[in-house]
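What follows draws every value from the coordinates through simple rules; no lab data is involved. As the structure is a computational prediction, the values presented were derived from the model and not from experiment. With ideal geometry, Cβ positions are generated from the backbone for all residues, glycine too; neighbour counts draw on all protein chains shown.
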Amino acid sequence: MELTDKARRRKQSGAALVMTMLILLVFLTLGAGALLFSALDLKAATSDHTGHQAFFVAEAGIQRALNSINHVGVIDFTNDIANCWSTCPGTRTAVWGSDPHVMSADFTSLQYSVQVVADATDPTRKGTLTSTGVGMKNSRRTIKVSLVRGPVGGTPGAVYAASDAVNPQFSGNSFLVDGNDYDLTGTQVAGGSQKPGISTRNDTATSSVTSALNSSQQNNVLGLGYTSNPPTASVMTTSGPSLGDLNQLITDLLAKPHVNWTSDQINAGDVLGTLDSPQITYLTQDDTKVQATGNGHASGAGILIADGSLTINGTFDFVGWIIVRGSTTIGNSTSNDGTITVGDANILGALWTGDFNIKIGGNANILYSSAAMQLAGASGGGNSTPAPMLITSWQEVY
C-alpha cells in the first residue's frame, strides 16, 4: 500500500527531526568535551605554574640557608652548624631558627622550611640541606643539596669587632691598619683581595669607630672603601660572627692539637710557631705580657688565642690569626683589665676581638694577608680557619 503524500511528508519530517537532534547532540558533546579539555588544560597549567613557583621558593630556601651558614663560616660543620640549626645552647643565636620562613611580608603564603644533616662519614666537613618550598594552592617541591667545606674564606677585615658596641680611641699618627692584601713577606699583593681595615657587626659600631678618627688619622686605616680625596678611613659594617659564634670557634680550635702557654709572660726570643711549623697557641692566663724589649723580639705564626688580656710592651711579630675573647687595646697602654695592649707590633693576617675597646697608637701595624690566613688554617692539623660551605650536588626530591 502506497503512502499518501501527506503521510510521506510526516515521515520525512520525523526523520529530519531525529537527524537534527542527533546533530545537536554531537555538537553538544563536542562542546562539552572542549570545555572539559579547556578546564583540564587550565588546571594543568595552574598546577604547572604553582609547581614551578614552589620549586623556586625551595631554591630560595637553599640560598638563604647557605648565606646563613657562610655568614659565620665553618670550622666544624657539626658543632658550628648542625648542632645549632634550629636551637642553640648557651649564648649563641641559632643559625636558622624555627620553620617555616616566608618569602616576604607581602607573600606570606610562599614559605620554605630547611633541614640540615651532618654527613655520617665526614661530619666536620660535609653535610646536606633539604629545602621544601610551598607555593600557591599548597603546591610543594623539595630540593636536596650536598655541601662540603671549601677553602679558607678569609676574614671580615684586618681587624674585626665581634661585639655590638665599641669604644674606640686613637692616638698618634704612626699606627697602620690596612685591609689590602699582603703576602708573607709584608709586600702588598697586586690585584689581591681587599678587606676593610676595621670591620664591625652594625652601623652603630661603625659610626663609633669613624667618629673617633680625627682628620689626620683617616689615612691610617686603609683597605676596602678607603678614599684619598678627601681621606676617608676604611671602616665598614660587614656583620660576621657574634660573641657566641666567636666562643664556639675558639672551642672548635681548642679541640685541635695546640700549645697551652701557661706562663703570664712572653719574653724576647720566645717563638709561638714558625712559618714552617705554624701552631695554635692558647694563652691560658688572665693577663699575659710580652716583655720583648731592647734589641730582642718575640714572634709567632699560626693562631694565637688570648683568653684574657694580652699586653705587648716590646716588639712582637706575628703571622696568622689572633683571636681575643675579651676586650682589645692596640697601642701603648699597659692596662690589665682583660685587654690586648700592643707596643711595637707587626701583625700580618687578621685580629678578631670579642669586646672591642680599641686604643690604637704607637707603631702598631696590622696588615690583612690572605696568605697568612691560609697559613693559620694549616695550624692544628689543618682546616683551622672559618671557610664557606660549597654545593657539590643538587637534586629535586619531589
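A Förster radius of 30 Å, combined with the Cβ-Cβ distance separating S174 from T284, puts the computed FRET efficiency at roughly 0.40.
Put simply, the Cα atoms of the range 159-381 extend 46, 38, 35 Å along their principal axes, the longest span coming first. As a calculated quantity, the FRET efficiency between V259 and A105 at R0 = 56 Å, using C-beta atoms, amounts to about 0.65.
Counting every other Cβ atom within 10 Å of each residue's Cβ, F316, F107, F170 order from fewest to most as F107, F170, F316. Computed extension gain for T204 through T237, at 0.36 nm per residue and net of the alpha carbon distance, reaches 11.0 nm. Label zone of N70 (point 7 Å out along Cα→Cβ, amide N under 18 Å): in the range 154-173 this covers 154-157. Computed packing ranks the peptides 278-285, 66-73 as 278-285, 66-73, most packed first, by mean other Cβ atoms within 10 Å. Compared with the direct C-alpha span, the chain from V148 to Q395 gains 87.4 nm at full extension, assuming 0.36 nm per residue.
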